[in-house]
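Read through the structure below, which is laid out as structure tokens, and then see the notes.
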Amino acid sequence: MRTAFITKLAELARKDDSIFLIVGDLGFSVVEPFANEFPARFLNAGIAEQNMTGIAAGLAKEGFNVFTYSIGNFPTLRAMEQIRYDVCYHNLNVNIVSVGAGFAYGSLGASHHATEDIGMMRTLPNMRVFSPGDPLEAQLVTEYVANHPGPSYLRIGKAGESLVHKPNQDISIQKIIPVIIKTNSDTAVIATGSILNYAYEYLKENQEKPYDLYSCPTIKPIDKDSLVKLAEKYSQLITLEEHQKSAGFGSMILESFHDLMEKYPDFVLPKIKRIAIPDAFINVSGSQTFLRQQMGLIF
């Protein structure tokens, strides 16, 4: 996904000279095409993510459309105070990109496991939260935030994620996107982030599982109309995320459904099962697949 992101960002920067990219001393072999083509709109802030966010806020105040880019927790948890006060409080045009969501950097230990970021970022006023599931969604999200001012958080995978959607497929990243639809299914899986590919491959290989599959790249604001349609069609929904169960994607779905019940007295809440990381750290290192297995991110 990181290649899809930087390719799309360079494409947009050729048309929009306000786009500015700041990295936190990483991205080598990924960001060079952008840096070489737009040296005046590229900055390596070094291992100083709090400063990187402050610089981004200052550039945004001067009219730039800024993207910050770093690994996992570093552009988010480490710079949370700057994001809250410098970016969100002033509603600035800063797009925070976290590469390596979930356990993508699993071999580097808990410091590189981005498993609480959705919960933290979605509670911030003015902040929009996106978690694309494949390279196509990553490109579409990048284009969307570049053309819609205000703070945004993009939570993308690392590298090598397969396309789930067809290339150039016409999809709306603001909606909950159908991926696999079976006849007369009463249960649907709603996945967010790169774990979408796991669900896609699992359901293709296990045809006896009568589950439909949807992708939700936009976590905040969640599309309420899509949720109403899902509730009308299915009696059970399974949310799937590579994130802590507390305050994550599944929590957002539950909260949104209960808000709908308050708004529509006749609204029927479907049964909801959340598959997410339990309230625990993992103290072993390994591949992303291994850590997903260890934390029970399976059906």
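The numbers here are math on the coordinates, done by the rules we state, and not lab data. Because the structure is predicted, anything quoted here is derived from the model rather than measured. Neighbour counts run over all protein chains shown; Cβ positions are idealised from the backbone, glycine included.
Using a simple spin-label model with pseudo-atoms 7 Å out from Cα toward Cβ, residue 11 and residue 62 lie 2.9 nm apart. The alpha-carbon of residue 15 sits under 15 angstrom from the alpha-carbons of these aspartates and glutamates, leaving out residues fewer than 8 places away in its chain: 37, 143.
Of the cross-linked pairs 158/271; 158/233; 8/166; 182/271; 204/263, those separated by over 25 Å at the C-alpha level are 158/271; 158/233; 204/263. Applying the criteria of a DSSP loop state and at most 10 other Cβ atoms within 10 Å to the chymotrypsin sites (Phe, Trp or Tyr not before Pro) of the stretch 2-48 yields 28. Report summary: the helix-based calculation at 222 nm, which adds -39500 (n - 2.57) for every DSSP H run with n ≥ 4 and divides by the residues of the chain, gives -9000 deg cm²/dmol.
In this structure, residue 110 and residue 266 have a Cβ-Cβ separation that, at R0 = 51 Å, corresponds to a calculated FRET efficiency of about 0.65. Relative contact order, whole percent, for the chain stands at 17, derived from Cα pairs under 8 Å and 6 or more residues apart. Counting every alpha-carbon pair across the chain, the share separated by more than 35 Å comes to 16%.
Taking other Cβ atoms within 10 Å as a rough exposure proxy, 225, 186 sort from fewest to most as 225, 186. The C-alpha atoms of the chain define a longest principal axis, and helix 49-61 lies at about 80 degrees to it. Extension gain for the segment residue 180 to residue 289, taken as residue separation times 0.36 nm less the Cα-Cα distance, is 37.0 nm to one decimal.
Between residue 206 and residue 225, the distance separating the two model label sites (each 7 Å from Cα on the Cα→Cβ line) works out to 3.4 nm. Could you give the angle, 0 to 90 degrees to the nearest 10, between helix 224-233's Cα long axis and the longest principal axis of the Cα atoms of the chain? Roughly 20 degrees between the two axes.
Among 86-92, 195-201, sorting by the average number of other beta carbon atoms lying within 10 angstrom of each residue, highest first, gives 195-201, 86-92. Separation of the stretch 213-269 from the stretch 71-95 is 26 Å, based on Cα centroids.
The local environment of residue 51, defined by Cβ-Cβ distances under 13 Å, has a net charge of -3 under the rule Lys, Arg +1 and Asp, Glu -1.
Applying 0.36 nm per residue to the separation of residue 169 and residue 123 and subtracting their alpha-carbon distance, the gain on full extension is 13.4 nm.
For residue 98, what is the net charge nearby, where nearby means another residue's Cβ is under 10 Å from its Cβ and Lys, Arg count +1, Asp, Glu -1? Counting the neighbours of residue 98, the net charge comes to 0.
The long axis of helix 135-146 is offset from the longest Cα principal axis of the chain by roughly 60 degrees.
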